[in-house]
Amino acid sequence: MSQEDIDASSAPLIEHLIELRQRLFRSVIAIAVFFVVCFIFADQIFNLLVVPYERAAGEDTQLRLIFTAPQEYFFVQLKIAFFGALFIAFPVIATQIYGFVAPGLYRNERGAFLPFLIATPILFAAGACLVYFVIMPLAMAFFLSMQQTGENSRAVIELLPKVNEYLGLIMTLIFAFGLVFQLPVAITLLARVGLVGSQGLKSKRKYAVLLTFVAAAILTPPDPISQIGLAVPTLLLYEISILSARMVERKRAEREAAIASGEAG
């Protein structure tokens, strides 16, 4: 290879690296801006996250959350701001990713890639809503049922959650459900590139059930409500993924048949 060929091949690489740096910079700026905004409203965001706890305890119950270190609630606010910034900035990040990879894709590949980019935040939000409106209130009701009122000379056992532990619990559930809800997107993409098939997914259904309950036991608190609440939607999403893979296979077969008939003609 001559020096001219080396220089010609290195120029596009440098251009791609410059573009990557610009898009990363834009993503970081978006995260930083939303981080500041979320930090300003961190108290209000945390109060919104406490609503499932309030629903479980009852509207007339005065909730008490504590922090035992002077800096604890400040770090909780930082975590809220960071997680909120990532969630709100995701459309910007996704747009930058798409803008970077789109020039290297064919037109039909761009059209196929875009729906997955749109479906990802929608499915994540669906998983988060399931946690917020269903799973978390049921889980907190389960934990509250373990309290002891102190009647008949018994000791009073009262739930006084720490702010960082409560935030860790609800954020863990939100991210666990949000990631699990990406299952149809991941399997559909794998089916498009031919790495998985609907028949293979159906034959491995029993292993999927086992792995689902193992993952639910690891990702959720040790209560049956959270674990079942994650396992059941995961299994439903697995069945939806099988249907999605079957649709991909059907479209591929139709496309191949059209190509074959065109060549024959």
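No lab work stands behind these numbers, since they all come straight from the coordinates. Predicted model only: the values in this text are computed from it and were never measured. Neighbour counts run over all protein chains shown; Cβ positions are idealised from the backbone, glycine included.
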query = Hey, with R₀ at 45 Å, roughly what FRET efficiency would Ile18 and Leu210 work out to, going by the Cβ-Cβ distance, to 0.05?
reply = 0.40
query = Using the 10 angstrom Cβ neighbour count as an exposure proxy, how do Ile228, Ile242, Ile218 rank, fewest first?
reply = Ile218, Ile228, Ile242
ask   = Taking the chain as a Gaussian network, where each spring joins two C-alpha atoms under 10 Å apart, which residue of Tyr73, Tyr238, Tyr132 fluctuates the most?
value = Tyr73
ask   = D for segment 80-186, whole µm²/s, Stokes-Einstein with Kirkwood Rh over alpha-carbon pairs at 25 °C and 0.890 mPa s: what number?
value = 145 µm²/s
task = Hey, can you grab everything whose amide H is under 5 Å from the amide H of Lys162? Only 5+ residues off in sequence or another chain; H modelled, so Pro and N-termini drop out.
result = Ile66
note = With 0.36 nm assigned to each residue of separation and the Cα-Cα distance removed, Leu235 to Phe25 gains 71.7 nm
query = Is it possible to state the helix-based mean residue ellipticity at 222 nm for the chain, with each DSSP H run of 4+ residues giving -39500 (n - 2.57), the sum divided by total residues, to the nearest 500 deg cm²/dmol? What is it?
reply = -26500 deg cm²/dmol
inquiry  = For Cα extents along the principal axes in Å, one of [x] 47, 42, 37; [y] 65, 35, 33; [z] 89, 46, 31 was computed from the structure I shared and the rest are decoys. Which label?
reply    = [z]
